[in-house]
Amino acid sequence: MNPKRRTRLTVVLFLLAGAGVSVTLVLLALNENINMFYPPEAVVGGEAPVGTQIRAGGMVLEGSVDRDSESLDVSFVLTDYVGAEFPVRYSGILPDLFREGQGIIVQGELNGEGVFRASQVLAKHDENYMPPELAEMSAGHQKKPNPLNYDR
Amino acid sequence: MIVELGHLALVVAFCLSLLVAVFGLGGAHRARAGLMGAVPALVAGQFVFLGLSFGVLTHAFLVDDFSVAYVTANSNTMLPWYYKFSAVWGAHEGSFLLWILIMSGWTLAVAVKGRELPPAFQARVLGVMGLLNLGFIAFLLFTSNPFERLVPMTPGEGADLNPLLQDFGLIVHPPMLYMGYVGFSVAFAFAVAALLSGRLDAAWARWSRPWSNVAWAFLTLGITLGSWWAYYELGWGGWWFWDPVENASFMPWLAGTALIHSLAVSEKRGTFKSWTLLLAITTFSLSLLGAFIVRSGVLTSVHAFAVDPTRGLFILIFLALVVGGSLALYAMRTATIRSRASYTLASREAFLLLNNILLVISMALVLLGTLYPLAYELFTGGAKISVGVPYFNAGFVPLMLLLSAALGIAPVLNWKRTPAGRLLGRLGWVAAMSLLLGVGLPLVLADAVSWQVMLTLVLAFWILGSHGADLVRRLRRGTPPLAYVGMQVAHMGFAVALIGVAVTSALSVEKDLRMAPGDTLELGDLSFRFVGVERVSGPNYLADQGEFAVVESGRRYSLRPQKRNYLARRNVMTEAAIDPGLTRDVYLSLGEPLEDGAWAVRIQVKPFVRWIWLGGLLMSLGGVLAVLDSRYRRLRVKRDARAAAGAAATV
């Protein structure tokens, strides 16, 4: 093997090793940061895991929003309007489009008592746009999505 | 009637693009000078008619013509005129019309500026661009006609523009972004033309390089503006979310960055040629993929266009044709390319290769994270997932740090090989200084700083130090060429952005709390007193405006964040109040009203956040400076000389 080939071989081996390591790391990172989405039915029915980062979604039940008078703690109930509903607790500022009767997504963990501790509350971005997860779930309750919405 | 003219102009432009494609590609293939000679005129016609079409739509917005469905959906009589103007590209149909107009603008630029190219080559480039334009205009005409009428049920009032988009940022962000996206079609067309003609020499790289640089500069500017807009307009102070829509623009940027570096090697050393071609194809394909992601609504995204499968399918097929066709051509032609690659590890070639590898891996990482939810849903039969932000950070940040480490060495390197003694002699003290500053400054200025921040700062100083030292050395020898200055500015911009990202991520303070009028919050050397809320009204909204008296190290000022209620759509919007500064932003936003006149309030102090965008601006400026280099002007001089000689001959 002449020196030029040897250099080239070193480079190739170096690259392969680097690529292998990075692919492994990437896949590990991906695996750890996937948030499964569960509709109310799955949360109530016990399909959703307890103590794991997940996403859940539903409509905010009318009259269920309860703000603490001292802090920013808030609780509300998410429902699919066909029998399944579960309570959510959150502390912080709710998005502008958070409203009773509207579809939202919460990210966080489900605890042993079936209460969802949300770290993030995501609302629809405007009057007509519906997160795809919800659009499917509540086809019967929702207006057809308006294709003209632009949200960046 | 005027509206129909706009539609008609679009149809004419469609036919003209068809002619551009046929005359350009066919003429070059058959070597018919007559056919090829007609192409620039056709391109000009295409631009004129698209401009007319765009003008008609703009006119419809400005005069509130609600018989046009698109105007009704995105405008309102109360909207200020400048937002009526920018509302033209505020939603799908109009923004795509803008995209096409820009595309034809780039085509025209190639027709005018590319006169120094061999005629057959230029005809092929224009032909390929005509083909692309044909697809885009067909998409607009058949799936998203902006001129569709609401007749006879013409409404008296429009639904208004989404309030998030009623902002200066939206006036400038999409056009800049599109200039970049579409600009890479030029590099793509050059690559395809080169493959078609079999002309894959260093000259090809030199012709293609300025175009790619300009497109890259625009894309950089567009992304920077987008990040800035999201920061102040979404109301909560985030500047990057790894949202699919952002990733859609970031992937072509990463590939494009690799492309402009790889082009340098192809031009100067005649190597990496097939790799550069592949990057040119990839970059534009990613732009198209971005269009697909944004326009089809396939991805889980809190902010994305809503779903319309016909559009998605059209773009998907178009994407398949463009990517598949160009890659097939690539596979057929590149087997013949031979490069004599002889360089050592300590050479510019090797480091530019490393740059390319790191950027392409980063791009693949973003691509995987962006498309994974879609693939997961397809293969599991409908299960929905989302990929969390930590995934992107975990992969992207280390890669960028590696890139930074390598970037610091770049200015010292020679082509082919660099003596080890010189590397050590020139970089040793820079390394020592950056280590000292990067670790020392945070220890002195901030209380508790993580090792990640120190590492990032060390690397940023490393880049600034080695580039600065090299700049001084070059200046001593006389005025350096603009291409060199551009490289310096862009690389320093990267370091500046790096500092911004590191400091703002690590040292930002964020506080969500309940405040009643009269309440005070102390935050470091800042104090905020909530004075109260009053009702104010804008042209098309009512707002609750909070007043906060801020005292910052003795300086007093007021911040007035608003909670706006837009009348037409009844949308609620958070309008943050920001006191901007080079070393820190104070950022205040109102959450929701609580009982007894109290409000949920978010108070943030974001140190060095502006450096992120400052870095972006510098990078973009660097890209432009590099293009202004006299090396590219010399081509023009030669052409002018030729033209003068030709004129003399005819006389």
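FYI, it's all coordinate maths here, none of it is from the lab. Keep in mind it's a predicted model, so treat the numbers as computed, not measured. Reconstructed Cβ throughout: ideal geometry from the backbone, glycine too, with neighbour counts over all protein chains shown.
A few remarks follow.
- For the protein assembly as shown, the alpha carbon positions stretch 86, 72, 54 Å along the principal axes, listed from largest to smallest.
- Estimated translational diffusion coefficient (Stokes-Einstein, Kirkwood radius over Cα pairs, 20 °C, 1.002 mPa s) of chain B: 80 µm² per second.
- Taken over the Cα atoms of region B:410-515, the convex hull encloses 147 Å³ per residue.
- Averaged over the residues of peptide A:18-26, the number of Cβ atoms from other protein chains lying within 10 Å of each residue's Cβ is 4.
- Cβ neighbours within 10 Å from other chains - mean over A:87-99: 4
- Counting all C-alpha pairs of region B:417-473, share separated by more than 13 Å (%): 61 percent
- With helices as the sole contributors, the protein assembly as shown gives -20000 deg cm²/dmol at 222 nm; each DSSP H run of n ≥ 4 counts as -39500 (n - 2.57), and the sum is divided by every residue.
- Once you reduce region B:180-195 and region B:484-521 to the center of their Cα atoms, the two points are 36 Å from each other.
- Projecting the Cα atoms of B:W613, B:S144, B:W242 onto the dipole axis of the protein assembly as shown, where Lys and Arg carry +1 and Asp and Glu carry -1 at the beta carbon, places B:W613 farthest toward the positive end.
- Rg/Rh for region B:1-105, where both radii come from Cα atoms and Rh is the Kirkwood radius: 1.12
- Put the Cα centre of region B:533-588 next to the Cα centre of region B:238-289 and the gap is 39 Å.
- Look at the alpha carbon pairs under 8 Å that are at least 6 residues apart: their mean separation over the length of region B:103-194 gives a relative contact order of 56 percent.
- Segments B:310-322, B:15-27, B:582-594 sorted - mean Cβ within 10 Å per residue, highest first: B:15-27, B:582-594, B:310-322
- Distance between region A:1-78 and region B:1-58 - C-alpha centres, whole angstrom: 48 Å
- Residues B:F351, A:F14 in ascending order of nearby Cβ atoms (within 10 Å, fewest first): A:F14, B:F351.
- Protection proxy ranking for B:618-626, B:29-37, using the average of other Cβ atoms within 10 Å per residue and placing the highest first: B:618-626, B:29-37.
- Likely footprinting exposure, B:Y391, B:Y70, fewest C-beta neighbours within 10 Å first: B:Y391, B:Y70
- Each peptide in B:452-464, B:247-259, B:229-241, A:65-77 gets a packing score, the mean of other Cβ atoms within 10 Å over its residues, and the list from highest to lowest is B:247-259, B:452-464, B:229-241, A:65-77.
- Take the Cα radius of gyration of region B:509-609 and divide it by 2.2 N^0.38 Å, N being the number of residues; the result is 1.08.
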